[in-house]
Amino acid sequence: MSQKISLTRYLVEQQRIDGHIPAQLRLLLEVVARACKSISQAVNKGALGSVMGSAESENVQGEIQKKLDIIANEVLIEANEWGGHLAGMASEEMDSIYVVPNRYPQGEYLLLFDPLDGSSNIDINVSIGTIFSVLKMPDDDRGVDEADFLQAGNKQVAAGYCIYGPQTTLVLTVGDGVAMFTLDREQGSFVLIEENVQIPDDTQEFAINMSNMRHWDEPVKRYVDELLAGKDGPRGKNFNMRWIAAMVADVHRILCRGGIFMYPWDKREPEKAGKLRLMYEANPMSWLIEQAGGMATNGHQRILDIQPTKLHERVSVILGSKNEVERVTAYHAEKTAKL
Ligand code: F6P
Ligand code: MN
């Protein structure tokens with residue numbers, strides 16, 4: 001019987017053999033995984049655990065918070081604040097940053113997360129997940145503030161998500177490819193199921209909220225029109241559409257079998273760059289996608305090269321199989337060239 005590789009062993013080997021991660025980062029990732037295990041338990045209980053439904057509050061984005069959004073946020077904070085590996089945290093569910101209280105040692109890392117992505121799926125028993133991104137505190141910095149978090153995605157030292165679906169699976173990169181670990185509930189540990197995840201360059205599957213079509217910019221409309229034309233259109237092949245309405249689940253599908261995911265800027269609220277948040281949704285997902293051989297842009301530039309100007313900044317997102325993302329990005333460039 002082939003030996004199972006636990007997340008702990010994978011991380012120890014990343015630290016010891018390959019020298020990819022320092023001990024503090026290994027500890028941080030173990031703690032995040034433990035928190036995800038606990039969120040997974042709460043999610044699984046559903047109505048039996050009195051965790052369903054809305055809390056009577058809104059987050060900084062003006063979205064109604066679900067009880068599980070708040071529970072997941074608290075689980076992540078409580079698990080991470082005392083270990084000495086972090087200086088601060090930032091979350092979709094908190095207006096401002098959370099500085100590690102001074103009763104605990106301060107570490108050199110910053111953790112950003114969307115505690116429960118796709119929370120409109122909670123009450124209908126469809127996949128949701130936790131997305132996270134890890135940055136280093138800038139050197140020579142005393143006292144953490146919001147500016148320390150405003151680093152481009154290419155500065156991430158670890159990123160990943162945990163999807164709570166038919167299986168609970170943690171997907172991780174520390175810059176050495178993408179690895180997937182499924183939670184073995186009997187053992188209570190995450191077990192490696194795939195290393196060096198690779199996304200095919202070509203695909204016949206796309207994900208976009210089609211109900212927004214009338215609001216899209218011309219390059220996105222042009223691209224999707226061509227896909228819908230199928231075999232008889234300019235692409236000469238049929239495409240299929242999937243939309244789970246949880247980024248974590250749509251990205252997971254793409255890492256498993258390829259595809260393109262788009263949540264582009266649209267005309268509904270033109271002053272907003274997009275719907276998704278750069279620092280704890282688009283950046284970690286873009287790095288995973290790139291590490292798996294895919295591509296992620298905002299239509300104009302690589303998402304990972306965007307310099308954030310605020311914590312809850314939004315961004316237009318086009319990511320997945322390389323040849324498709326290149327095409328949509330090229331359509332944006334053609335439009336810009338014509339102006
Ligand atoms: O976090 C925002 C989010 O829930 C994503 O997970 C998802 O891709 C998107 O919003 C769904 O948006 P819509 O409600 O337009 O389908
Ligand atoms: Mn989200």
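The values are calculated or read from the model by the stated rules, or taken from the named source; none is laboratory data. As the structure is a prediction and not an experimental result, all values here were calculated from the model. Using ideal geometry, Cβ is built from the backbone for each residue, glycine included, and neighbour counts are taken over all protein chains shown.
Which members of the range 104-115 meet the condition of being among the acidic types (Asp, Glu) and either surrounded by fewer than 23 Cβ atoms within 10 Å (Cβ to Cβ) or more than 10 Å from ligand 2 (Cβ to nearest atom) (or both)?
Of the range 104-115, the ones among the acidic types (Asp, Glu) are 108, 114.
GLU108, the sole residue that qualifies.
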Legend entry - Conditions (1) more than 15 Å from the chain's Cα centre (by Cα); (2) within 15 Å of ligand 2 (Cβ to nearest atom); number of the one not met by ASP232: (2)
Inset, instruction - Hey, could you check the range 185-221 for residues that are loosely packed, with under 15 Cβ neighbours inside 10 Å and among the charged types (D, E, K, R) and say which is farthest from GLU269 (Cα to Cα)? - result: GLU186
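Could you check, for the range 245-254, whether at least one of its residues is in contact (Cβ under 8 Å) with a residue 40 or more places away in the chain, under 18 Å from ARG314 (Cα atoms), of a type outside the set (A, V, I, L, M, F, W, C) and within 16 Å of ligand 2 (Cβ to nearest atom)?
As a first pass, look at the range 245-254 and keep what is in contact (Cβ under 8 Å) with a residue 40 or more places away in the chain: 245-254.
Narrowing the set further to residues that are under 18 Å from ARG314 (Cα atoms) leaves 245-248, 251.
Still in the running and of a type outside the set (A, V, I, L, M, F, W, C): none.
No, every residue in the range 245-254 fails to be in contact (Cβ under 8 Å) with a residue 40 or more places away in the chain, under 18 Å from ARG314 (Cα atoms), of a type outside the set (A, V, I, L, M, F, W, C) and within 16 Å of ligand 2 (Cβ to nearest atom).
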Legend entry - For ARG222: the one exception among (1) touching a helix residue (DSSP H, G or I) at 6+ places or on another chain (Cβ under 6 Å); (2) without any contact (Cβ under 8 Å) to a residue 40 or more places away in the chain: (2)
Inset, instruction - Name the one entry in LEU304, LEU278, LEU288 that is farther than 15 Å from GLY129 by Cβ, in contact (Cβ under 8 Å) with a residue 24 or more places away in the chain and within 16 Å of ligand 2 (Cβ to nearest atom). - result: LEU278
Legend entry - Looking only at the range 55-93, and only at residues there that are in contact with a helix residue (DSSP H, G or I) (Cβ under 7 Å, 6 or more places away or on another chain) and surrounded by fewer than 18 Cβ atoms within 10 Å (Cβ to Cβ), the one that is farthest from SER127 (Cα to Cα): GLY83
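Looking at the range 230-244 only, could you name the residues that are farther than 22 Å from ALA292 by Cβ, touching a residue at least 12 places away in the same chain (Cβ under 8 Å) and among the charged types (D, E, K, R)?
In the first step, residues of the range 230-244 are kept if they are farther than 22 Å from ALA292 by Cβ; the result is 230-238.
From the residues that got through so far, the ones that are touching a residue at least 12 places away in the same chain (Cβ under 8 Å) too are 237-238.
If the condition is that a residue be farther than 22 Å from ALA292 by Cβ, touching a residue at least 12 places away in the same chain (Cβ under 8 Å) and among the charged types (D, E, K, R), then LYS237 is the only one that fits.
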Legend entry - Residues (of a type in the set (Lys, Arg) and either within 15 Å of ligand 1 (Cβ to nearest atom) or within 16 Å of LYS155 (Cα to Cα) (or both)) located in the range 83-142: LYS136
Legend entry - Residues located in the range 256-275, provided they are surrounded by 21 or more Cβ atoms within 10 Å (Cβ to Cβ) and part of a strand (DSSP E or B): ILE260, PHE261, MET262, TYR263
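A quick yes/no check of all residues on (1) within 20 Å of SER211 (Cβ to Cβ); (2) within 13 Å of ligand 1 (Cβ to nearest atom); (3) β-branched (Val, Ile, Thr):
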site	(1), (2), (3)
VAL248	no, yes, yes
LEU278	no, yes, no
LYS322	no, no, no
VAL325	no, no, yes
TYR331	no, no, no
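So that you can scan it fast, the table gives a plain yes or no per residue for (1) free of Cβ contacts under 8 Å to residues at least 12 places away in the same chain; (2) under 14 Å from LEU29 (Cβ atoms); (3) outside the structural domain of VAL60 (by TED's automatic domain parsing); (4) within 16 Å of ligand 2 (Cβ to nearest atom):
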| site | (1), (2), (3), (4) |
| --- | --- |
| TRP82 | no, no, no, no |
| GLU92 | no, no, no, yes |
| ASN102 | yes, no, no, no |
| ASP117 | no, no, no, yes |
| ASP148 | no, no, no, no |
| ALA152 | no, no, no, no |
| TYR164 | no, no, no, yes |
| GLY175 | no, yes, no, no |
Inset, instruction - Would you point out which residue out of GLY88, GLY62, GLY53 is in contact with a Leu (Cβ under 6 Å, 6 or more places away or on another chain) and not β-branched (Val, Ile, Thr)? - result: GLY88
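Hey, among the residues in the range 120-142 that are of a type in the set (A, V, I, L, M) and in contact with a strand residue (DSSP E or B) (Cβ under 6 Å, 6 or more places away or on another chain), which one's farthest from THR169 (Cα to Cα)?
MET137
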Inset, instruction - Please work out which one of (1) free of Cβ contacts under 8 Å to residues at least 24 places away in the same chain; (2) in contact with a helix residue (DSSP H, G or I) (Cβ under 8 Å, 6 or more places away or on another chain); (3) of a type outside the set (D, E, K, R) is the condition LEU227 fails and give its number. - result: (2)
Legend entry - Identity of the residue in the range 140-159, assigned to a loop (DSSP other than H, G, I, E, B) and either surrounded by 14 or more Cβ atoms within 10 Å (Cβ to Cβ) or of a type in the set (Gly, Ala, Ser) (or both), that ends up modelled with the lowest pLDDT: GLY143
